[in-house]
Amino acid sequence: ELKVEQNPLFLSMQEGKNYTIYCNYSTTSDRLYWYRQDPGKSLESLFVLLSNGAVKQEGRLMASLDTKARLSTLHITAAVHDLSATYFCAVGQTTDSWGKLQFGAGTQVVVTP
Amino acid sequence: GAGVSQTPSNKVTEKGKYVELRCDPISGHTALYWYRQSLGQGPEFLIYFQGTGAADDSGLPNDRFFAVRPEGSVSTLKIQRTERGDSAVYLCASSRFSGGANTGELFFGEGSRLTVL
């Protein structure tokens, strides 16, 4: 059974500083996704990582995937208040149902001045 | 509309009642997924449709849950004899297609919040 673990589960960030969220998973997969969720809202796709060594960047966020270590990281550079949200990683479970994902528990991020 | 549309946005019902939740996917998306998100947790997979057929219903918790997609577009999630433990946000997502040249990126709706009293 595929298990996905995120840490930390809660992250208090100071504006302007750098932080990393980690996502470990238990079985082989080469598909990993990062989503953002604001309170009471749905999930917004941030990154799609489909191969070992994949790295994607958007603004202050950068995600990478190491399929051999079964690890993805989401790096936040110079945090700003607008990045306050819950971040989920999700791992693809099968190759015949690409949208069947196993989500982590989420990392709640609060950015303060 | 441009995104995945779900109705109702909120549903309050009494234990034992029957509920239906509707999802209208993004136009042209052939794959449709239902997920359930409990408070403070990540979404859990329930069922996946490719076209009209349920290709994978392994996430449905029991036989009180059923979903249909008769014309390959709109889907309805049906819950019989609701229980308090069914209270959650039910999320629908769609993607262009499943397998082959597909990233698996899901586009989620706003969800239907179900509260069973």
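The values are calculated or read from the model by the stated rules, or taken from the named source; none is laboratory data. The structure presented is a predicted model; accordingly, all values stated were derived computationally and were not measured. Note that each Cβ is placed from the backbone with ideal geometry, even for glycine, and that neighbours are counted across all protein chains shown.
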Within the stretch B:33-66, the residues that are away from chain A (no Cβ under 14 Å) and surrounded by 21 or more Cβ atoms within 10 Å (Cβ to Cβ) are none
For the stretch A:17-65 the number of residues that are of a type in the set (Lys, Arg), assigned to a strand (DSSP E or B) and buried (at least 16 other Cβ atoms within 10 Å of the Cβ) is 1
Of the residues in the stretch B:87-117 that are surrounded by fewer than 20 Cβ atoms within 10 Å (Cβ to Cβ) and either under 17 Å from B:Leu21 (Cα atoms) or modelled with pLDDT of 95 or more (or both), the one that is nearest to the other protein chains (Cβ to nearest Cβ) is B:Glu110
Discussion item. Just to be sure before I move on: is A:Arg31 among the charged types (D, E, K, R), modelled with pLDDT under 95 and within 21 Å of B:Phe108 (Cα to Cα) in the structure I sent?
Written reply: yes
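Here are some residues: A:Thr27, A:Thr94, A:Thr77. Which one is under 24 Å from B:Ala88 (Cβ atoms) and either within 14 Å of another protein chain (Cβ to nearest Cβ) or out of contact with any Ser or Thr (no Cβ under 9 Å at 6 or more places or on another chain) (or both)?
Working: A:Thr27 fails: under 24 Å from B:Ala88 (Cβ atoms); A:Thr77 fails: under 24 Å from B:Ala88 (Cβ atoms).
After applying the criteria, what remains is A:Thr94.
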When A:Lys56 is run through (1) within 14 Å of chain B (Cβ to nearest Cβ); (2) over 12 Å from the mean Cα position of the chain (by Cα), the failure sits at (2)
Any residue in the stretch B:73-84 that is within 14 Å of chain A (Cβ to nearest Cβ), assigned to a strand (DSSP E or B), buried (at least 18 other Cβ atoms within 10 Å of the Cβ) and in contact (Cβ under 8 Å) with a residue 40 or more places away in the chain? yes
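Would it be correct to say that B:Ile26 is at pLDDT below 95, surrounded by 14 or more Cβ atoms within 10 Å (Cβ to Cβ), in contact with a strand residue (DSSP E or B) (Cβ under 7 Å, 6 or more places away or on another chain) and of a type outside the set (Phe, Trp, Tyr)? Outline the logic, then answer.
Numbers: at pLDDT below 95: yes; surrounded by 14 or more Cβ atoms within 10 Å (Cβ to Cβ): yes; in contact with a strand residue (DSSP E or B) (Cβ under 7 Å, 6 or more places away or on another chain): yes; of a type outside the set (Phe, Trp, Tyr): yes.
When the stated conditions are applied, B:Ile26 passes them.
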